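These notes concern the structure reproduced below.
Rule-based calculations on the coordinates, nothing more; no lab input. All figures in this text were calculated on a predicted structure; none of them were measured in a lab. Here Cβ is always computed from backbone atoms with ideal geometry, including for glycine, and neighbour counts include all displayed protein chains.
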Amino acid sequence: MPGTAVVVTDSTASLPPEVAEQRGILVVPLQVVIGATVYDEGPGGATPEMVAEALKEFRPVSTSRPAPAYLAEVYANAAADGATEILSIHLSAEMSGTHESALLAAREAPVPVSVVDSRQVGVATGYAALTAVDVLDAGGSVAEAAEAARARAAAATALFYVDTLEYLRRGGRIGAAAALLGGALSVKPLLRIDDGRVVNLDRVRTSARALSRMEDLIVEAAGDQQVDLCVSHLANPDRAGELAGRLGVRLAANLGGREVWCGELGAVLGAHVGPGMVAACVAPRPGAGNG
């Protein structure tokens with residue numbers, strides 16, 4: 001009888017809870033610190049609304065990775081529940097110490113743990129975790145699932161618009177020079193995730209133009225491939241909903257009837273981008289006629 005492998009990811013992967021539960025993915029929360037209070041990200045803990053409100057009120061907001069001991073406990077519990085191998089897929093090591101925590105926890109685990117740095121942030125990591133489950137469900141090995149997860153994450157395009165670079169600068173996620181440049185002449189920055197880092201993609205004069213440019217770039221990235229698509233935001237539901245609607249129409253053939261995920265960004269990522277942010281991620285689906 002073959003062993004049972006389990007996929008673990010973290011809360012920044014932005015998987016809807018019902019999807020994670022249905023696919024058997026274990027989700028480890030990162031923490032959000034608002035003032036002097038530490039919350040787990042997710043329902044019952046830190047919500048995007050709490051973070052947006054705290055940022056608007058200039059209260060201190062920071063984030064922290066899960067402790068290695070916490071991940072070690074997750075791995076041990078999974079093994080106790082019958083897992084014979086674990087595949088742990090996390091957000092970019094360039095952006096968070098979560099990957100390092102997973103590596104440290106893996107040393108103590110009672111079963112083999114393979115750790116994947118997705119080199120992505122947000123739902124692109126979630127799509128990688130879902131692909132890993134697909135490979136395992138089809139009888140593939142953990143090594144094959146890990147490789148498929150890395151390939152899915154690498155193929156994804158994650159773009160985001162922010163009202164200001166100030167929050168990214170505060171969190172050390174983008175250089176001070178880029179923050180100064182973004183503030184000059186009220187320029188609106190359009191950013192992307194490139195090999196695990198936040199990089200400047202374009203600067204336009206208005207938020208409407210930034211979102212229009214993002215829409216065109218997402219359509220271009222999709223090409224003629226079958227894709228999954230997610231639009232997310234922090235305290236900007238109207239603009240996100242409009243963008244999701246337009247992309248849903250323009251990419252109808254690429255989506256093949258699959259819905260466009262659209263919702264509020266998680267609290268941890270929200271803490272670094274600030275209110276007003278709108279993001280879009282398009283991830284080509286493995287196989288399904290894709291080259």
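Put simply, the amide H of Ser88, placed in the peptide plane, has neighbours under 5 Å in Val8, Ser114, Val115, Val116, leaving out anything fewer than 5 places away on its chain. Counting only alpha carbon atoms, the long axis of helix 68-80 and the longest principal axis of the chain meet at about 40°.
Put simply, region 157-284 fits an ellipsoid with semi-axes of 25, 14, 14 Å; these come from the alpha carbon gyration tensor as the roots of five times its eigenvalues, largest first.
With respect to the chain, whose longest principal axis is taken over its alpha-carbon atoms, helix 98-108 is tilted by about 10°.
Take the chain and mark each of the trypsin sites (Lys or Arg not before Pro) that is in a DSSP loop with at most 15 other Cβ atoms within 10 Å; the longest unmarked stretch, sites excluded, is 1-204.
Across Val231, Val199, Val278, mean-square fluctuation computed from a Gaussian network of the chain (C-alpha pairs under 10 Å connected) peaks at Val199.
Once C-alpha pairs closer than 8 Å and six or more residues apart are averaged by separation and normalised to the residue number of the chain, the relative contact order reads 20 percent. With contacts taken as Cα pairs under 8 Å and at least 6 residues apart, region 157-284 reaches a relative contact order of 34 percent.
What percent antiparallel are the DSSP beta bridges of region 1-88, to the nearest 5?
Given both bridge residues lie in region 1-88, the antiparallel proportion sits at roughly 50 percent.
Only one item in (1) 56, 39, 38; (2) 53, 47, 37; (3) 63, 50, 31 matches Cα extents along the principal axes in Å derived from the coordinates shown, and that item is (3).
Each residue of region 127-132 was assigned a 3J(HN,Hα) from its phi angle through the Karplus expression (A = 6.51, B = -1.76, C = 1.60, θ = phi - 60°), giving 4, 4, 5, 5, 5, 4 Hz with x at Gly and Pro. For region 184-278, what proportion of DSSP beta bridges, expressed in % and rounded to the nearest 5, is antiparallel? Just about 65 percent of them are antiparallel. In the chain, excluding the sites themselves, the longest stretch lacking any of the GluC sites (Glu not before Pro) that are in a DSSP loop with at most 13 other Cβ atoms within 10 Å is 58-258.
Annotation: amide H of Cys262 within the under-5 Å range of Val231, sequence separation 5 or more or interchain, hydrogens built in the peptide plane. DSSP assigns beta bridges within the chain; of those with both partners inside it, close to 65 percent run antiparallel. Only Lys, Arg, Asp and Glu carry charge here, each on its Cβ (+1 for the first two, -1 for the last two); on that basis region 157-284 has a dipole of about 420 debye about its Cα centre. Among the chymotrypsin sites (Phe, Trp or Tyr not before Pro) found in region 1-74, those both in a DSSP coil and sparsely packed, with 11 or fewer other Cβ atoms within 10 Å of their Cβ, are Phe58.
Using only alpha-carbon positions, what ratio does the radius of gyration of region 64-144 give when scaled by 2.2 N^0.38 Å?
That ratio works out to 1.06.
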